[in-house]
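The values are calculated or read from the model by the stated rules, or taken from the named source; none is laboratory data. Everything numeric in this text was worked out from a predicted model, so none of it was measured. Neighbour counts run over all protein chains shown; Cβ positions are idealised from the backbone, glycine included. To get the accessible areas, we keep the full protein, side chains included, count just its heavy atoms, and leave off ligands, DNA and RNA. Shrake-Rupley method; radii C 1.70, N 1.55, O 1.52, S 1.80 Å.
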Amino acid sequence: MTPTSAPSRVPPARPSALDRFDLALLRLAKRRRDRFDRSEGFYDGFFSERDFEKYVQDVRDVWRYRVFRRVLERSYPDGPVDVVDVGCGLGVASLSVPARASFVGVDVSARSLERARALRSELTDFRQGGFPNLPLESASYDFALCLEVLEHVPDDRRAVAELHRILRPGGHLLVSVPRTFYWPDYEGLIGHFRHYTADSLRALIESEGFEVVQPLP
C-alpha cells in the first residue's frame, strides 16, 4: 500500500491527571533500577521470574491475550498456524496459543529467554534477536504479535518493515503500543522513545505495506 502520510510523533496534546499519576508510579517503581542506556543489557533486568504470574493475572494482559486468541481463532479457524511473538519477554503469550499452532518467541534479552525457557519448558523455540534484523526467515509466519515493543525501538518504521518481511502473504500482525501522554522521562526510566496516537500508529503500519483491518480496544 502507498502511505497516505508520514507517521506522526505527536502524543496527546495535554497530560491528564492519570498520565501524571502513571509517571509518578513509574518513577517509584524504577527508583532502584538502572536507567536506560540503549544497550541490550538494560533489558536483561526488565523481567524476573515473579513477573510471569503478574502478567498472567494482570487484568490488562488478561484482556490483551484474550483479544489475541479471539483474533487468531477468527483469522485461522482450522488447521495449523505458525505464530511468532516478537519481543516475547517471558513468553506469556504462548499460554494463549492453541495446541494446533506452532509458537516462536523472539527477544533481545538472553536472560529473559533463559527465564522463558525455564517457565515454559515444553516450548523450545525461543530465539535471541531484535530489530532491525530479526533471526527469522522471510515469509515464514501466518501471525505475528508485537505487543508493547515498537515504542522501545529507535527506528520503528524499519521495525514494521521487518515484521512485514517475516509474514506470509495474507498474514496478520497484532500490535499494541502505549497511547498515553509521552513524558521525556520515559526514555531514561523505561526505554520508550515515543508514544502513539491512533492516527500515527495507523500511518506507521500502512507506510510499510500493511492494511489496517480492525483497530481493537
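Among the residues making up the range 149-207, those that are among the small types (Gly, Ala, Ser), under 21 Å from residue 85 (Cα atoms) and touching a residue at least 60 places away in the same chain (Cβ under 8 Å) are 176, 191. The residue that is most open to solvent (accessible area, probe 1.4 Å), among those in the range 149-184 that are in contact with a Pro (Cβ under 7 Å, 6 or more places away or on another chain) and under 16 Å from residue 107 (Cα atoms), is 162.
Whether any residue in the range 126-135 is among the small types (Gly, Ala, Ser) and more than 12 Å from the chain's Cα centre (by Cα) is what I want to check. Yes, there is a match, as at least one residue in the range 126-135 is among the small types (Gly, Ala, Ser) and more than 12 Å from the chain's Cα centre (by Cα). Among the residues examined, residue 187 qualifies as more than 26 Å from residue 70 (Cα to Cα) and surrounded by fewer than 18 Cβ atoms within 10 Å (Cβ to Cβ). Of the residues making up the range 103-135, those that are part of a strand (DSSP E or B) and either open to solvent by less than 50 Å² (accessible area, probe 1.4 Å) or touching a residue at least 24 places away in the same chain (Cβ under 8 Å) (or both) number 8. For the range 73-95, a residue qualifies if it is free of Cβ contacts under 8 Å to residues at least 40 places away in the same chain, among the small types (Gly, Ala, Ser) and surrounded by fewer than 19 Cβ atoms within 10 Å (Cβ to Cβ), and exactly one does: 79.
State yes or no: is residue 37 open to solvent by 40 Å² or more (accessible area, probe 1.4 Å) and assigned to a strand (DSSP E or B)? Criteria not met by residue 37. Filtered by the rule that a residue be of a type in the set (Asp, Glu), part of a helix (DSSP H, G or I) and within 17 Å of residue 107 (Cβ to Cβ), the range 61-95 gives a lone residue, 61. Taking the range 175-217 as the range and being β-branched (Val, Ile, Thr), within 19 Å of residue 63 (Cβ to Cβ) and not in a loop (DSSP other than H, G, I, E, B) as the test, only 175 passes. Within the range 47-72, the set of residues being of a type outside the set (A, V, I, L, M), open to solvent by 50 Å² or more (accessible area, probe 1.4 Å) and out of contact with any Asp or Glu (no Cβ under 6 Å at 6 or more places or on another chain) comprises 49, 50, 53, 54, 57, 60, 63, 64, 66, 69, 70.
Give the range 14-37 a look and list any residue that's among the aromatic types (Phe, Trp, Tyr) and under 14 Å from residue 184 (Cβ atoms), or say none. Within the range 14-37, just 36 meets the criteria.
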